[in-house]
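For reference, the structure discussed in these notes is given below.
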Amino acid sequence: MPNHLAAETSPYLQQHKDNPVDWYPWGPVALERARAEDKPILLSVGYSTCHWCHVMAHESFEDPATAAVMNAHFVCIKVDREERPDLDQIYQAALRMLTRRAGGWPLTMFLMPDQTPFFGGTYFPREARYNLPAFVGLLQGVAAAFHQRRAEIEAQNQAVRAALAETSATVAGAGALDVAPIRQALADIKQGFDGVSGGFGGAPKFPRPAELDFLFWSGDTEARNMVLLTLEKMALGGVMDQLGGGFFRYSVDAQWQIPHFEKMLYDNGPLLGLYADAWAVTANPLFARVAEALVAWLEREMTSPKGAFHSALDADSEHEEGKFYVWSLPEVASLLTPEEHAVARLTWGLDSTPNFENHAWHLNVVRGPAEVARGLGCQEETVAILVDSARAKLFAGREGRVRPGRDDKVLTSWNALMIKGLARAARRFSRPDWMALARRAADALHAAVWKSGRLLASHKDGQAKHNAYLDDYAFLLDGLLELLQAGWRDQDWQWAVALADALLDHFEDEVAGGFFFTSHDHEKLIQRAKPGYDNAQPSGNGVAARALNRMGVLTGEARHVRAAERTVGAFMSAMVAQPAPHPSLLGALEDLLKPPRLAVLGGPEPELSHWKVASNRLASARDLVLALPDGATRVPPGLDKPRGGYVNAHVCSGVTCMPEIFQLTDLTDVFRTGDVQ
């Protein structure tokens, strides 16, 4: 018999609708039951493509005996952390406070009826192992503590609530803007660089695209070279799908060889933009191939019929992590000609010991075409042709396997990250088809989640739901500013203005500065967070500050710039104390200290497009480059420049502007030298 999750649209909650556990979604019904019956809440937070979430579900939540204990002692609530990041943030922070250990998923928290957490962990096994207690025994112990040690738990609850409140606090006028944390962050991050394999730190190794972007555009040559090596090593490693394109979530080793096999939209959008930037700077064909393969994967596997993007692909298929992606030698040999097989063995290291479980291989590029050609006594061109044909045949063979599950909900913030990455790549590579893909996604979002001047966070099966969060507004505003640079549309500009207004009206802390993660009219929870750190995704406060400052450049309205200044100022003391975890806010700080350069191009086609292509290849990510077609009618004040029957450009930085530019070579010289005189 289905539980209370049967009507939910979240694929993760749907996975649990037939559990014998009497699951509720988070909401007033479950919370009121806990209060009325004075029962503790068992809160389980996860997501549909999470491997250990599946393990705990199969071991415990599908087991009638375990479910009976859960149902007898607790009100059980399931939460999709992708739909409710507000709840996930709160209870992950609480777990760290209670246990002094890092969190993760599945998150298993025990709450008092007033929602205050008093005990928790992540994955718990059905039987005791991994130095973890058996789940049923843990449930019984927690239930006994709730009844027998109530006063002790209540005293702890006061301390937990106070600590959560303290983590959200910022001080009004917290700090004057200064370049020092930018310099210190560069020094700190560079200390952790892996000079052999790229990336920072050891295993597990995450891409950390916000950090890479900060380093790449820092003006520090050494930092940029670190990013280029990292991007190269990732592109050749198993963290990239060598057959189907796109990146997995992270590598379990320090060499980018074996990933955790989830593919998440939120990683791939920023990484697409980074690889496009790296190609624009270096012309390395490897970076172009990565971008092309990523967009091909996006179109093939992640685009909904209406144009928005799905959320993620599962790590598992047939209950085994990575099974869809790995190979045995007989499988490879059966699909390739002898010549292709000889090249494939050397290119992907199939001549060495297996690198995955059960004597299987996950494909990494371990030898380049020149080395393979020397080993086989043939030409590099021949190797390249044979690698391409082998890749195509293996990909076609893999398509016949049982596919990993796909979480097909549309998340506003994750779509915004991909729209920005696509638009950036479209600009760099002069790909109107990629720009069309980004525009179609933006239009799909506008139709699905923009209701009465407000955003909703998630859409699936024709239903948009959940009051949107800071990240939804900030990332989408930022994405639209990038999309406008790829190609001006009046409707995109109008939506950007409305998003900026909503961000200021519904999220800003006008007293202390910065933006709350939840809106002023959001459901009241035990904490109202104001996050500044970058995590797997960039900081909403950092992205909001930078996007609003850029809106100020375009609109000429001081309110946008003042909000950006208040936000960065509110986090200055945190950035001074620990600069490295704040790359997005540091980027916003840099834009405030040195205003973005604005280049406005105008005039008739087709010459205008020629100027636009050249500018988009050379411009820094800190630049704003907008080409206004003659038909543009909703032009903001910052872009209202004299236009005639010829192509021209106006370039300004802050209050300093160059004379009108009439020759493309003069404009490209500006981008090459960075001068505004």
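Roughly how far apart, in whole Å, are the Cα centres of the stretch 349-373 and the stretch 250-265? Each part's Cα centre sits 16 Å from the other's.
Report the gain in length on full extension from residue 351 to residue 176: 0.36 nm times residue separation, minus Cα-Cα distance, nm rounded to one decimal.
Working: separation 175, 0.36 × 175 = 63.00 nm, distance 5.86 nm.
This chain segment gains 57.1 nm when fully extended.
On the beta carbon distance between residue 319 and residue 183, with R0 = 56 Å, the FRET formula returns roughly 0.65. Accessible area per residue was computed with a 1.4 Å probe on protein heavy atoms; residue 520 scores about 90 Å². For the stretch 89-119, list residues with backbone N below 20 Å from a point placed 7 Å from the Cα of residue 151 toward its Cβ? What the label zone holds, given the 20 Å backbone N cut-off, is 112-113, 118. The slack between residue 254 and residue 673, meaning 0.36 nm per residue of separation minus the straight C-alpha distance, is 147.1 nm.
Legend: calculated FRET efficiency, residue 461 to residue 301, from the Cβ-Cβ distance at R0 = 30 Å, rounded to 0.05, equals 0.95. 3J(HN,Hα) along the stretch 270-276: x, 5, 4, x, 5, 5, 5 Hz, from the Karplus curve 6.51 cos²θ - 1.76 cosθ + 1.60 with θ = phi - 60°, whole Hz, x for Gly and Pro. Here the 3J(HN,Hα) profile of the stretch 49-66, calculated from phi with Karplus coefficients 6.51, -1.76 and 1.60 at θ = phi - 60°, is 9, 8, 4, 6, 5, 5, 4, 5, 5, 5, 6, 10, 6, 8, 8, x, 5, 5 Hz, Gly and Pro shown as x.
Coupling constants for the stretch 404-417 follow from the phi torsions by the Karplus curve (6.51 cos²θ - 1.76 cosθ + 1.60, θ = phi - 60°), and in residue order they are x, x, 10, 8, 9, 6, 9, 9, 4, 5, 5, 4, 4, 4 Hz; glycine and proline get x.
Within straight-line reach of residue 612, meaning a Cα separation under 25 Å, sit the following lysines at least 8 residues removed in sequence or on another chain: 420, 594, 641. With the simple spin-label model, which puts each label point 7 Å out from Cα in the Cβ direction, the residue 379 to residue 401 separation comes to 3.4 nm. Checking (1) 26.0, 83; (2) 27.2, 82; (3) 32.8, 105 against Rg and Dmax of the Cα atoms in Å calculated from these atoms, the matching label is (1). Each residue, residue 99 and residue 578, gets one label point 7 Å from its Cα in the Cβ direction; the gap between the two is 1.9 nm.
Taking the average, over residues, of other Cβ atoms within 10 Å as the packing measure, peptides 188-199, 344-355, 477-488, 248-259 rank 477-488, 248-259, 344-355, 188-199 from highest down. Only protein heavy atoms count here; on that basis, with a 1.4 Å probe, residue 233 has an accessible area of about 70 Å². Taking each residue as 0.36 nm, the span from residue 337 to residue 562 lengthens on full extension beyond its C-alpha to C-alpha distance by 74.6 nm. For the residues 234, 435, a 1.4 Å probe over the protein chains yields an accessible-area ranking, largest first, of 435, 234.
Rolling a 1.4 Å probe over the protein heavy atoms of the chain, with every protein chain left in place, gives an accessible area that is 53 percent carbon and sulfur.
Where nothing but the Cβ of Lys and Arg (+1) and of Asp and Glu (-1) is charged, how large is the charge dipole of the chain around its Cα centre, in debye to the nearest 20?
Magnitude of the dipole: close to 380 debye.
Please give the Cα centre distance for the stretch 646-670 versus the stretch 27-65, rounded to the nearest Å. That distance is 60 Å. By the Cβ distance rule of under 4.7 Å, the chain has these cysteines without a partner: 76, 378.
Modelled spin-label separation between residue 511 and residue 436, with each label point placed 7 Å from Cα along the Cα-to-Cβ direction: 5.3 nm. Adding -39500 (n - 2.57) for every DSSP H run of four residues or longer, then dividing by how many residues the chain holds, sets the calculated 222 nm ellipticity at -15500 deg cm²/dmol. Which of 190/323; 78/451; 323/409 have a Cα-Cα distance over 31 Å? Checking Cα-Cα distances, 190/323 exceed 31 Å.
Quick one: accessible area per residue over the chain, 1.4 Å probe, rounded to a whole number of Å²?
Ligands and nucleic acids excluded, the figure is 39 Å² per residue.
Rolled with a 1.4 Å probe across the full set of protein chains, the surface gives residue 226 an accessible area near 20 Å².
The values are calculated or read from the model by the stated rules, or taken from the named source; none is laboratory data. Treat the numbers as computed from the prediction; the structure is a model and nothing was measured. Here Cβ is always computed from backbone atoms with ideal geometry, including for glycine, and neighbour counts include all displayed protein chains. Accessible surface is based on the protein model in full, side chains and every heavy atom, while ligands, DNA and RNA are left aside. Shrake-Rupley method; radii C 1.70, N 1.55, O 1.52, S 1.80 Å.
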